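Here's the structure, in structure tokens; my notes come after.
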Amino acid sequence: MLAVLAALAAAVPAQPADSPAVLRGKDVPAPVAQVLAMRTPRPVVIDGVLADPIWASAQRVSTFLQRDPVEGVAPTESTVVWVAYDDAALYVAARMYDAHPDSIVARLGRRDANTNSDRFVLYLDTYHDHRSGFYFSIDAAGTLWDGTLMNDDWDDNSWDGVWEGRTRIDSLGWTAELRIPYSQLRFLKADHYVWGINLRRTISRKNENDYLVYTPKNSSGFVSRFPELAGIDGVTPPARLEVLPYVTNKAEFAPHAAGDPFFDGSRYTPTIGADLKVGLGSNLTLDATVNPDFGQVEVDPAVVNLSDVETFFNEKRPFFVEGASIFDFGQGGTNNNWGFNWGNPQFFYSRRIGRAPQGGLPGDAAYSDVPSGTHILGALKLTGKAFNSWNVGAISALTARETADIMDTTGARFRTTVEPLTYYGVYRLQKEFHDGRQGVGLLSTVAARHFDDTTLVNQLNSSSLAFGVDGWTALDHSKTWVLTGWAGASDVHGTPSRLLALQQNSLHYFQQPDGEHVHVDSAATSLQGLAGRVAVNKQRGNWYMNSAFGVISPGFDVSDVGFQFRTGIYNMHAVGGYRWTKPGKVFRAAELYGAAFRSYDFDGNINWSGVFTTAWAQLHNFYQVNFNAAYNPWTVNNRRTRGGPLTLNPPGYQLDGMINTDSRKAWVLMLMGGTYQAANDRNWYVSPSIELRPAPNVDVTVGPNFSREDTPSQYIGTFADSNATATFGHRYVFATLHQTEVSAGIRVNWTYTPKLSLQMYVQPLISAGAYSDFKALARPRTYTFDHYSDADSTFNSSTFTAYPDGPGGPALAVGNPNFNFKSLRGNAVLRWEYLPGSTLYFVWTQTRSDFENQGDFNFGNSMHRLAQAKPDNIFLVKFTYWWNP
């Protein structure tokens, strides 16, 4: 590592000691301290022309500084901005001068699309708390982009405000005009307002970003640096009421089995509902939804998951996405949060609300009609500030009792409950002190189920509670060193039968026979646990450091409302590195980090350990390269046997690399690849992608993925066998898995106007797995196996039956695990915002799949079978109308 550091240091000069003030030449203006807004006697016409008289008299703001590519110098093109206001809205005009207006990049995209265009951005800190705010952006083609700011450095584009923006390209460059209604902002009533403001201009062809005030590349803090916006007087925060009723009509067409009494191949479902947004005073906003519909949401990608860990899917539903950052927990105050085999428990995972019904079906069910998702009867979300400027967030949701219609093998019909009536609650408070140098927060979640009958009482928890406290503190006046942490507790209740299953599921594995710290309690009706983490982060300067220690007790469980993938762990790491932020002979910027990490279980076994290094650089042609490497020594595995005895992880190493071409171009290439090698474990992947922009309003991305896994210890199953005395009366059977997977993400965005767009997404997937060399763990705490192909035992590959004690002995029917899975998923969404905030959607979703119980990978045959597979088609029309009385 020291040699690589020395090489990079020679290629990229060390940072000069001069301050930005010294670096500024006589033509570089000092940063502005205050921006004055001027009252306009009449509303400004938003057309991008800048002909309104107010722009001739308002204060000119032109003291921009360059952050990229050369930090702290004068911009290559000048920019002038004016700010005005009236009783209803804030107005901003901007003139972006350009010596070569024919070179302005004006790519049209749907709302919030990162089009890599010339762009103007307005940032506002309306609470003037130096931590949070809003941003409003428009590119040269008129694409709108907005979101919220939080934690001083972070942003979230999930919020979509209702505001106006127009642009014009002319012989001098381009212009922009924005109108931001006060109804879209949050601020405290006052006679004279002082907000925070910042401005940014992006010149795409030069990869240049010019700010009114910027954050140095080797520092942190963004909102806290904003100049003041003054001059706004006599404005009253408006009463806020927004109503968004909707009507949908959905048609489903899918293959159906002959004799299925519940589905004849088609289904039509009309739906009505409404979303409501109400301002409670000037600080709080209440969002309500009744019978919500999420039909315009993109489909989830198909995955083949052979692990014991649940697949995590990102939230895409607008009601839960908007403002979700207020529920972020445990990572405030810092700009970096590393983790090595840690996986921070997520107290709130909104995909739990409205999930697919969890109840099982009777074993004799021949046909069934099960809802695809649990119906959300209604949900409320409260966000804003209260209790002397505490950040407040609360969600309450009620999901319906769901039933499935069943016809058994005798032809009898009946109905069974598959999901009980359930209440979900999430509550969040957070407060910053001393200009963000300290902060403290609280978070609590609850899930409570009402069982109308006993069908599910032994399958689901009756209630789950979780509580956490988080916070941070700067360790010095400049906030260079920050200490952050959190602690939490969970409490789950249910019947003894349910708690018995919970203790033995893949999150806990209390039944581990050679575990000393945990044991199954068959009479338990509750399960409690604790967790927490503390980290220290150096977030200013070129030298970087991050270190953390975390613990999750074996009984900690937030899965009813949140997401986590393991328990019973002590985890620690230390990261250090250097950032070169000034251009040198080879690189524009570069980073090099190294880390050491380790995890223990509650019995003191080392479950994961190693060293890691990563290097990143941006070249002068704006290509980016990244390289990662890691080494892992022998460790103890307490999950491979799925609750059985401990095994060992052989030493291994990991290599990953990435190269990305200049993102300004009409085509952008990226190539990622990597490998993991350990003993006979040989895994690799290659993931190229290309983004094409054949026209200013068309963006096409194709990202194929190829992977190959040769895994010698893929878990097959656990089988009771009294002769297996060395492994506690059970055979823990494994096999070598040869898995080949090919997939692709294909995305097309065609934007006709800033209000009308077509978005298409397609994901084909072929995954084939062939199993061989069946074997069983020979002894605990080893990586030694009894191979069933050896002379002292036999294996019948036709019936997939093992005879561990030789011919004539007890048989283990392991079954045929080979698979060949094909899937095609996609949807197309035509979106037309016919009035501000009012949208018409046309949606087509198609899925098709095919499965074979054999593991040979044959691309041509798989594509043929996939093309022949009968599809499921869903067509949906959704009409919404935004009403703002």
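The values are calculated or read from the model by the stated rules, or taken from the named source; none is laboratory data. Nothing here was measured: the structure is a model prediction, and the numbers come from that model. Glycine gets a Cβ as well: all are built from the backbone with ideal geometry, and neighbour counts include every protein chain shown. Accessible surface is based on the protein model in full, side chains and every heavy atom, while ligands, DNA and RNA are left aside. Shrake-Rupley method; radii C 1.70, N 1.55, O 1.52, S 1.80 Å.
The 1.4 Å probe gives accessible areas that order 473, 143, largest first, as 473, 143.
Based on C-alpha pairs under 8 angstrom that are at least 6 apart in sequence, segment 546-620 has a relative contact order of 27 percent. Here the dipole of the chain is about 1660 debye; that uses its Cα centre as origin and unit charges on the Cβ of Lys and Arg (positive) and Asp and Glu (negative). Accessible area of residue 276 (1.4 Å probe, protein heavy atoms only, ligands and nucleic acids ignored): about 70 Å².
Spatially, segment 695-728 and segment 399-423 are offset by 33 Å when compared through their Cα centroids.
Farthest towards the positive end of the charge dipole of segment 520-609, among the residues 537, 570, 580, is the Cα of 580, using unit charges on the Cβ of Lys, Arg, Asp and Glu. If you fit an axis through the alpha-carbon atoms of helix 859-868 and take the longest principal axis of the Cα set of the chain, what angle between them do you get, 0 to 90°, nearest 10? Taking the Cα atoms of the chain, the angle to 859-868 is about 80 degrees.
Calculated mean residue ellipticity at 222 nm for the chain: -1000 deg cm²/dmol, from DSSP H runs with n ≥ 4 weighted as -39500 (n - 2.57), summed, divided by the residue count and rounded to 500.
For segment 404-419, backbone phi angles converted through the Karplus equation (6.51, -1.76, 1.60; θ = phi - 60°) give residue-by-residue couplings of 10, 8, 10, 10, 8, 5, 8, x, 6, 10, 7, 10, 10, 7, 10, 7 Hz, Gly and Pro being listed as x.
In the chain, the portion of solvent-accessible area held by carbon and sulfur atoms comes to 58 percent [1.4 Å probe, whole percent, DNA, RNA and ligands not counted]. The long axis of helix 2-11 is offset from the longest Cα principal axis of the chain by roughly 30 degrees. Here segment 283-342 and segment 164-195 have alpha carbon centers that stand 30 Å from each other.
Cross-link pairs exceeding 26 Å between alpha carbons, from the set 585/665; 189/381; 189/277; 381/479; 189/538: 381/479; 189/538. The residues of the chain expose, per residue, 42 Å² of accessible area to a 1.4 Å probe.
For residue 516, the accessible surface of its heavy atoms amounts to roughly 140 Å² (probe 1.4 Å, protein chains only, rounded to the nearest 10).
Relative contact order for segment 131-259: 20 percent, from Cα pairs under 8 Å spaced at least 6 residues apart, divided by residue count.
Residue order by solvent-accessible surface for 575, 162 is 162, 575, largest first, with ligands and nucleic acids left out and a 1.4 Å probe.
When the Cα positions of 211, 147, 124 are compared along the charge dipole of segment 115-244, 211 comes out farthest toward the positive end, with charges on each C-beta of Lys, Arg, Asp and Glu.
With a 1.4 Å probe rolled over the protein heavy atoms of all chains, the accessible area of 606, 232 falls in the order 606, 232, largest first. Over all directions, the projected convex hull of the C-alpha atoms in segment 748-855 averages 11.9 nm² in area. Volume per residue of the convex hull around the Cα atoms, evaluated for segment 474-611, comes out as 139 Å³.
Neighbours of residue 332 by Cβ distance under 10 Å: Lys/Arg scored +1, Asp/Glu scored -1, total -3. What the Cα atoms of the chain give is an Rg and a Dmax of 29.6, 99 Å. Relative contact order for the chain: 9 percent, from Cα pairs under 8 Å spaced at least 6 residues apart, divided by residue count.
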